[in-house]
Structure formats: C-alpha cells, structure tokens
Amino acid sequence: MGPKILVVEDEKSIAEIIQFNLEREGYSVMLAFNGQDALDVAIRDMPDLIILDVMLPKLDGFQVCKEIRRTSNTPILMLTAKEAESDKVKGLTLGADDYITKPFSPRELVARVKAHLRRNNIIATQVAAEVSSLGYADLIIDLVKYEVRKASISIELTVREFELLKYLALHPGRVFDREHLLKEVWGYDYFGDGRTVDVTVRRLREKIEDDPSAGNAKYVLTRRGVGYYFRSPDGAVDVS
Ligand code: CA
C-alpha cells in the first residue's frame, strides 16, 4: 500500500478529482469533508501528507492546520482561492508546507505531493541515521546493534519489547495512547487490543526497571488515563 494521503475538502466533486488522481499514482486516499472530521482522521490514521482546503464547515483549514501542527510534522498542502494572497501567508505562518491555488491542475498537485513526500522521507532517513543510541540515565538503547544495556550490562528483550522501548525513547516525554502504540509498534494488520500494549510494557519494565511497579518505574512511565511515555531528561511531559 502506498503512502496515505488525507484530502480535506467539502466540495465533493473536487475531493473526488483529487482522490482519483492520487489513487492512480498508487497513493491510498482518505477523505474528510469538514474540519472536525479532518482532525479526527489526522490523529487516528496518521496520514503521510495532508491536502487541506481553507474554506471548510465547522473548523476552517487554518484552525485545522494549527491543531495538527501541535502534534505532527506531516506535510500539509493548503488549497487556497486564487485571489486571496493573504491566505497563503497565513497558511504558511500556521505551519503549512505549501499551498496550491484553485483552480489547480491535478498534475501539478500530484507533482507537489510527490516532492513533499520525497523530501520528508529524506529527512526521516537522515534523522534515523544520525541517532545511533538513545536512553536515559544508565539505560542505553543501541539502535545499531539492536541491544539494550543498563549500567553496561546487556538486557535480553524480545523484538517487540525492543521496538516499543525504541519508539517511546525516540519521543521522550511524549505520551502515546495504546491505540497509537499498537499501530506504530505492532503494525496496522496486528490483531490485538490495548491489553497487548499493557502486557508488553509490564514485561519490559520487569527487565529494565529497578522497581517494575507502575508507580516506581524510572524509564517507561504511565500517564494515567492516557498511555505511556519514556522519561525525558528534563522531566517534561507532552500529553497533547
Ligand atoms: Ca471548500
């Protein structure tokens, strides 16, 4: 399955033209017809890129853009009306990566989508290549050797425990709910629920923590009612 693109446009005929052209290029397309749905889909399905119209019912495109940027770096292409020069500036100020004016050529839209996805991929690869180990205090997660050491002693983890620890440690201080972790660590096709995450966290804690009880964990912490996070060096927590 190709990269996932969220198209937010209340005019169905335009949304369908965009969908048709993107699917023809092998992208998988999700549609949202108002601002609130756009936010829900963006949070739930984590698209690789978002095409966002400015004029929308409920929340407008600017509000949606601003909200998405609180938690995500997904490229956002805004669709603006040709005459509204100020809309372009406003969109870019709020964190949009690019804008396309209506009426647009589908071919140009597809070309821009490709360019942004390519650029984003390169950045992600660079980030991954630069980080070779993660951790907090005496816990080292070696991403090259696929190994975890605590006070220089190697700890045996299953692949899933390692992947979960790595994912959390890549975003220290950021709290992820179980559903998000299932998607990111176990994958879309995995048949399981939040308890799978809880069980894996418990096993992981038994291996890496001095005291594995939830209240005393030092590395993988619980945010009650929300989910789990890896301790950040400055103790900051981001639940957004
Ligand atoms: Ca519209």
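Couple of notes before you dig in:
- If the condition is being surrounded by fewer than 17 Cβ atoms within 10 Å (Cβ to Cβ) and at pLDDT below 90, then region 185-201 contributes GLY187, TYR188, ASP189, TYR190, PHE191, GLY192, ASP193, GLY194, ARG195.
- Residue in region 202-217 that is among the polar types (S, T, N, Q), surrounded by fewer than 17 Cβ atoms within 10 Å (Cβ to Cβ) and either modelled with pLDDT under 95 or within 20 Å of LEU157 (Cα to Cα) (or both) present: yes
- Count of residues meeting criterion [in contact (Cβ under 8 Å) with a residue 40 or more places away in the chain and within 16 Å of the ligand (Cβ to nearest atom)] in region 15-39: 2
- Members of region 153-163 found to be part of a helix (DSSP H, G or I) and either acidic (Asp, Glu) or within 15 Å of ARG231 (Cβ to Cβ) (or both), listed by number: GLU161, GLU163
- Residues of region 48-94 classified as among the basic types (Lys, Arg) and farther than 21 Å from PHE104 by Cα, total: 4
- Among the candidates MET30, MET46, the residue that is surrounded by fewer than 17 Cβ atoms within 10 Å (Cβ to Cβ) and touching a strand residue (DSSP E or B) at 6+ places or on another chain (Cβ under 9 Å) is uniquely MET46.
- Residue ID - modelled with the highest pLDDT, chosen from residues in region 139-159 that are more than 15 Å from VAL201 (Cβ to Cβ) and polar (S, T, N, Q): SER154
- Residue match in region 167-188 (condition: in contact with a Leu (Cβ under 6 Å, 6 or more places away or on another chain), over 17 Å from ARG231 (Cβ atoms) and not polar (S, T, N, Q)): yes
- Residue in region 81-103 that is part of a strand (DSSP E or B) and away from the ligand (no atom under 16 Å from the Cβ) present: yes
- Region 12-48: number of residues that are closer than 20 Å to GLY187 by Cβ and not in a loop (DSSP other than H, G, I, E, B): 7
- In the set ILE68, ILE76, only one residue is out of contact with any Cys (no Cβ under 9 Å at 6 or more places or on another chain) and away from the ligand (no atom under 13 Å from the Cβ); that residue is ILE68.
- Scanning region 4-14 for residues that are basic (Lys, Arg) and within 13 Å of the ligand (Cβ to nearest atom) gives a single hit, LYS12.
The values are calculated or read from the model by the stated rules, or taken from the named source; none is laboratory data. Given the structure is predicted, the values throughout are model-derived calculations rather than measurements. Methodologically, a virtual Cβ is constructed for each residue, glycine included, from the backbone with ideal geometry; neighbour enumeration extends over all protein chains shown.
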